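Report on the structure given below.
The values are calculated or read from the model by the stated rules, or taken from the named source; none is laboratory data. Note that the structure is predicted; figures quoted are calculated from it, not measured. Because the Cβ atoms are built from the backbone with ideal geometry, glycine has one as well, and the counts that use them run over all protein chains shown.
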Amino acid sequence: MRYHDSIIDLVGDTPLVKLSKVTEGISATVLAKVEYFNPGGSVKDRIALRMIEAAEASGALRPGGTIVEPTSGNTGVGLAIVAQQKGYKCIFVCPDKVSTDKINTLRAYGAEVVVCPTAVAPEHPDSYYNVSDRLVRETPNAWKPDQYSNPDNPASHYHSTGPELWDQTEGRITHFVAGVGTGGTISGTGRYLKDASGGKVQVIGADPEGSVYSGGTGRPYLVEGVGEDFWPTAYDRTVADEIVAVSDKDSFQMTRRLAKEEGLLVGGSCGMAVVAALEVARRLGPDDVVVVLLPDGGRGYLSKIFNDDWMADYGFLPTAQDEATIGEVL
Ligand code: PMP
């Protein structure tokens, strides 16, 4: 019989798929690392597993313990799955702007979700930050992973994503492109690939226009999961050789093309990363191998990116002029 003992044995070892339609006119090979094949549907399963196992080993997380983290998204799903399988409780703190679908997903996995008002200042006792700090203090046996400062976030990528890519490309990868949120993916994977290649692999970060990584001030953007208004310690500034800023419009139009042309129903940060990867690949030749990491699937974005009315409200639907120049712009 061929089976796995637990769903968490399926974290990692995600496939690489060649992009063949959106790469028209490009001679380099562009491969996508499709992270929605992880059991929780995103790259964040990797960090959840390593952060929890490291906390067990250090004694920070003890039997019967409770994991408390301010998260509404992919990290919450990864933590919830690993926690239930290992017998821990989870309490997630979310701002009230988070969709009910996301909250219901976390609850479906057995997590408790505390919703806080968005319209209060960070120092208010009911703010997202204060509530999660208070829950950590008041819950017996509580542990807060804090993906923004936890070194096991980038370490999970150094020990899984990086070696997988080196092995899958038989050491032929020349460029690695990933979006930057906490910075864990690019720092850990990028560092491993630099080490394995003797510094040859070029590492490129993709960032929403307005975010600090590409020189912005933290001005708002709509792509979820990437960009920041501060510099997290999980991000190692010495790894990326280049940061490419991408607009919401280009990110979302590419996200829709990935579904329509490549059969990849993925999230908006995936479209963003692919725009950056193609910008890089356009400068390269036939011996180059560009790998772009696609963090999650598109099901969580059906009422936004894949909804024409939402796209039209923001002016993101392609115009006739966009269509005419799509090969050059995207
Ligand atoms: N895309 C999505 C959808 C994410 O949830 C995240 C994680 N915040 C990222 C990209 C960026 O990954 P990282 O935090 O490792 O930089």
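For the stretch 278-301, which positions are surrounded by 12 or more Cβ atoms within 10 Å (Cβ to Cβ) and more than 14 Å from the ligand (Cβ to nearest atom)?
Correct list: Leu278, Glu279, Val280, Ala281, Arg282, Leu284, Asp288, Val289, Val290, Val291.
Against the definition (of a type in the set (Gly, Ala, Ser), buried (at least 21 other Cβ atoms within 10 Å of the Cβ), in contact with a strand residue (DSSP E or B) (Cβ under 9 Å, 6 or more places away or on another chain) and closer than 30 Å to Tyr129 by Cβ), how does Ala80 come out, yes or no? Show your work before the answer.
On the way: of a type in the set (Gly, Ala, Ser): yes; buried (at least 21 other Cβ atoms within 10 Å of the Cβ): yes; in contact with a strand residue (DSSP E or B) (Cβ under 9 Å, 6 or more places away or on another chain): yes; closer than 30 Å to Tyr129 by Cβ: yes.
Yes: the conditions hold for Ala80.
Could you grab me the full set of residues in the stretch 91-112 that are without any contact (Cβ under 8 Å) to a residue 40 or more places away in the chain and aliphatic (A, V, I, L, M)?
Val98, Ile103, Leu106, Ala108, Ala111 - these are the residues of the stretch 91-112 that are without any contact (Cβ under 8 Å) to a residue 40 or more places away in the chain and aliphatic (A, V, I, L, M).
One residue is enough: does the stretch 57-71 have a residue meeting the conditions within 16 Å of the ligand (Cβ to nearest atom) and either within 14 Å of the chain's Cα centre (by Cα) or without any contact (Cβ under 8 Å) to a residue 12 or more places away in the chain (or both)?
yes
Can you find a residue that is surrounded by 23 or more Cβ atoms within 10 Å (Cβ to Cβ), of a type in the set (A, V, I, L, M, F, W, C) and either modelled with pLDDT of 95 or more or touching a helix residue (DSSP H, G or I) at 6+ places or on another chain (Cβ under 6 Å) (or both) anywhere in the stretch 63-76?
Within the stretch 63-76 (the criterion being surrounded by 23 or more Cβ atoms within 10 Å (Cβ to Cβ), of a type in the set (A, V, I, L, M, F, W, C) and either modelled with pLDDT of 95 or more or touching a helix residue (DSSP H, G or I) at 6+ places or on another chain (Cβ under 6 Å) (or both)), the answer is yes, since at least one residue qualifies.
Looking at the structure I just gave you, is Val120 surrounded by fewer than 16 Cβ atoms within 10 Å (Cβ to Cβ) and without any contact (Cβ under 8 Å) to a residue 60 or more places away in the chain?
Details: surrounded by fewer than 16 Cβ atoms within 10 Å (Cβ to Cβ): yes; without any contact (Cβ under 8 Å) to a residue 60 or more places away in the chain: yes.
Here the answer is yes, as Val120 does meet what is asked.
In the stretch 163-213, how many residues are touching a strand residue (DSSP E or B) at 6+ places or on another chain (Cβ under 9 Å), more than 15 Å from the ligand (Cβ to nearest atom) and basic (Lys, Arg)?
2
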